1. In contact (Cβ under 8 Å) with a residue 40 or more places away in the chain, buried (at least 16 other Cβ atoms within 10 Å of the Cβ) and more than 30 Å from residue 11 (Cβ to Cβ): is that true of residue 184 in this structure?
2. Sort through 162, 106, 133 and tell me the only one that's in a loop (DSSP other than H, G, I, E, B), in contact with a strand residue (DSSP E or B) (Cβ under 9 Å, 6 or more places away or on another chain) and in contact (Cβ under 8 Å) with a residue 24 or more places away in the chain.
3. Filtering region 39-70 down to residues that are more than 30 Å from residue 150 (Cα to Cα) and part of a loop (DSSP other than H, G, I, E, B), which residue is modelled with the highest pLDDT?
4. Which of the residues spanning region 87-103 are part of a loop (DSSP other than H, G, I, E, B) and not aliphatic (A, V, I, L, M)?
5. Considering each of 113, 81 in turn, give the residue that is surrounded by 18 or more Cβ atoms within 10 Å (Cβ to Cβ) and assigned to a helix (DSSP H, G or I).
6. Quick check on region 187-200: of everything there that is touching a residue at least 60 places away in the same chain (Cβ under 8 Å) and among the aliphatic types (A, V, I, L, M), which residue is surrounded by the most Cβ atoms within 10 Å (Cβ to Cβ)?
7. Of the residues 145, 113, 154, 88, only one is touching a Gly at 6+ places or on another chain (Cβ under 9 Å) and in contact (Cβ under 8 Å) with a residue 12 or more places away in the chain; which?
8. Any idea which of (1) among the charged types (D, E, K, R); (2) under 17 Å from residue 131 (Cβ atoms); (3) outside any loop (DSSP other than H, G, I, E, B) is the one residue 183 doesn't satisfy?
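The values are calculated or read from the model by the stated rules, or taken from the named source; none is laboratory data. Quick caveat: nothing in here was measured; it's all calculated off a predicted structure. Using ideal geometry, Cβ is built from the backbone for each residue, glycine included, and neighbour counts are taken over all protein chains shown.
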Amino acid sequence: MDPVWLQWAKELAAIAQNGLTFSENAYDIERYQAIRRIAAEMMSARSDLDTDTLMSLFEREEGYATPKVDVRGVVFRENKILLVEEKIDGGWTLPGGWADPCQSPSECVVREIREESGYETEARRLLAVYDRSKHPHKPPIPFHIYKMFFLCEITGGGPKVSHETTAVDFFPEDDIPELSISRVLPDQIARMFESYRNPDLPIYFD
């Protein structure tokens, strides 16, 4: 779970963003800008990111503050799960990434699987929705994220790396490689195998 200081900092950043969205009074705007900087300074004090970099990230966010959405594709073949190796950290993960505007969640996950693994798929059902801040992903990040996991079925294509990935492969449950825990956790992979074996298992949430 996110440490409490990060929860506070995220809440302050959201309050600042909402205030800057709706405020017209110049003095209130100054106050919300100050709150935003305090949030950035709190995060900077406990991370490798400097305050100005965090401020730049926050300033790109406009409108009412809401969680970001990450989609992950769960693809099985011969009782093995599809994973891709991330170029950025060398860890393995379910193919996926940020959801894009004007695409449904299922369209987003199909696109991400194709881009990161080379496989064409169809989304079959939602398996889980995780609140990233409630699970031990590392490192902590400055935004609140919901992670949506979809069971998908291969319809074509073949293994192909991308500018984000360096390898594509299928793994059995008892031989999962080192994971990119910023993106997926061992217990989440275990849950995906359980959901695959038991189609009646309820959707996991939170």
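1. On the way: in contact (Cβ under 8 Å) with a residue 40 or more places away in the chain: yes; buried (at least 16 other Cβ atoms within 10 Å of the Cβ): yes; more than 30 Å from residue 11 (Cβ to Cβ): no.
No: the conditions fail for residue 184.
2. Details: 106 fails: in a loop (DSSP other than H, G, I, E, B); 133 fails: in a loop (DSSP other than H, G, I, E, B).
Every option except 162 fails the conditions.
3. As a first pass, look at region 39-70 and keep what is more than 30 Å from residue 150 (Cα to Cα): 39-56, 59.
Those still in the list that are part of a loop (DSSP other than H, G, I, E, B) too: 46-50.
Details: 46: 89, 47: 88, 48: 88, 49: 88, 50: 93.
Checking each candidate, the answer is 50.
4. Here is the first cut: in region 87-103, the residues part of a loop (DSSP other than H, G, I, E, B) are 87-91, 94-95, 99-103.
Listed by number, the residues that qualify are 87, 89, 90, 91, 95, 100, 101, 102, 103.
5. Working: 81 fails: assigned to a helix (DSSP H, G or I).
Selected residue: 113, the only one of 113, 81 that is surrounded by 18 or more Cβ atoms within 10 Å (Cβ to Cβ) and assigned to a helix (DSSP H, G or I).
6. The selected residue is 192.
7. Numbers: 145 fails: touching a Gly at 6+ places or on another chain (Cβ under 9 Å); 154 fails: touching a Gly at 6+ places or on another chain (Cβ under 9 Å); 88 fails: touching a Gly at 6+ places or on another chain (Cβ under 9 Å).
Among 145, 113, 154, 88, only 113 is touching a Gly at 6+ places or on another chain (Cβ under 9 Å) and in contact (Cβ under 8 Å) with a residue 12 or more places away in the chain.
8. The one condition residue 183 does not meet is (3).
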